[in-house]
Amino acid sequence: MSEPVPASRPESSRAGRAARTPKRLSTRQRWRRGVQYSSFIVFGVLSLGFLNQASWELANAFFIFDPLVGLASMVSTRTIFPLLASGTFVTLAVTFVLGRVWCGWVCPLGTALDVVPPTSKKIRIPGERWLRGLKYAFLLAILVGGAAGTLALAWLDPITIMGRTLIVGVEPFVQTRDIAMPAPEFSQVWPSILVLGLFAVIMGLGAIRSRFWCRYACPLGALLAIVARFSRVRPTVDQGTCISCRKCAKTCPVESVSPDDGYSMDSAECVMCLECGDVCPTDAVTFPVESLTVQEGGVGPSRREFVGVVGVAGAMAAAVAVSPDRAFAAVGGELPPLATVASLVEECVRCGRCSDACPYGLIESNTAILEPDTLFTPRLNHVDGRCTENCNACGAACPTDAIPVNENRLVAVIGDQECMSWVTGRHCSRCTPFCPVTGAIVDARLQPGAEHLADGPVELPWIDPEACIGCGLCLGHCPGRFSEGVVMVPRV
């Protein structure tokens, strides 16, 4: 008697089990994930200040190699910063050869977005081709604003976003806190709430559409996309072996594959994740070295749509145009040591590193969302303390020299040919309240040997070089056309 033959399992059941089986990563995907996660961990270690005392140049490595920070800072100040220029050249050169590997392998914000699980149902976004031009509008607005002398939109850079999230958003909540201390007020936690809220929005959009920020809004990605259009290594589909299974198009995190256009791949949008090559069943997707040509077409905005991009960029640049008096009022009149209104407007990229470096917690960010021209600009809060001698940690931490480093221990001097009180005879003393040393700024009329000034109608401020600690807090507070009333000179 023959044994009964077991019924075969339905194909649908097999397919369902296969669908539930975890996809095994290829060797190059394991390498990529390893580089991504290592880069993210290193960025977190550097951002949270574990190596700050050893070397701020090392701690600022991601900013040094960020070409958007480098270009925008040099355009705004009309100055070549050797370290930023070198890092910018290296990143753009690598992009020219290998494509947007920075986005797919190094960028910490891109790594965070890759972890976000997408929604089960794809949500259709109208006007997607035009929307891809938004990142070019952000890029153009940052560079145009830089040419006009302001980096107000530099906070859109992904490295500053991720760094600010860790420094301003996360670090205050993980610091050791005395249980006897009173609960913080809302004004103290509002900066963290704002920064974490912005990060949550970016992550939420990443769930709606994978790498939403990268494909639609990232200004650094736009800069690298322009270079990647000329890249030597590009994703290519062999039409002879392609079976039109659409797997490459479905797996691409930025949808740079066009199935309706012969499976062409846009090198400007591709972040070189290499996943399309891993899922191709016939190995039709390769990454050959191409001749030096520019790729035409793609999934980005057309020339006609780019006109709208220019219009949006112009409107954004105009919205953040700022005057020195307006900027001075926005930061509350209290500037970080040795910083001036001009240096903050022209050079500050709003990264938050100065606030992280301050050992006394005196530097905070302007978080007034109705002031886009000075949003996230650092300012000094002297409620809980004062700057001390020989401390210039904020200047050492600044990646763009918006807060200078007092390397030669300079001292402040009031120029009698520039100071308002000396020149016009009108009372000012605007610098006096910001001096952390009692008696460092005094009335010149009362000093020995100044009898010829005794009849002066108003107080004539004078800085005692023996008492001055060189913190530079007085430097940025001269009003209007008398902005050079205080200068820093070498200590004799």
- [ ] Name every residue in the range 185-215 that is surrounded by fewer than 21 Cβ atoms within 10 Å (Cβ to Cβ), under 14 Å from Pro158 (Cα atoms) and not aliphatic (A, V, I, L, M), in order of residue number.
- [x] Phe199
Open item on the list: Restricting to the range 56-113, name every residue that is surrounded by fewer than 19 Cβ atoms within 10 Å (Cβ to Cβ) and closer than 24 Å to Leu198 by Cβ.
Closed with: Ala61
TODO: Test Val45 against the criterion of being assigned by TED's automatic domain parsing to the domain that holds Leu274, under 27 Å from Glu347 (Cβ atoms) and modelled with pLDDT of 90 or more, and give yes or no.
DONE: no
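If I filter the range 101-123 for residues that are among the basic types (Lys, Arg) and either in contact with a Pro (Cβ under 6 Å, 6 or more places away or on another chain) or modelled with pLDDT of 90 or more (or both), do I get at least one hit?
In the first step, residues of the range 101-123 are kept if they are among the basic types (Lys, Arg); the result is 121-122.
Remaining after also requiring either in contact with a Pro (Cβ under 6 Å, 6 or more places away or on another chain) or modelled with pLDDT of 90 or more (or both): none.
No, the range 101-123 has no match at all.
The values are calculated or read from the model by the stated rules, or taken from the named source; none is laboratory data. This is a predicted model, so every value here is computed, not measured. Note that each Cβ is placed from the backbone with ideal geometry, even for glycine, and that neighbours are counted across all protein chains shown.
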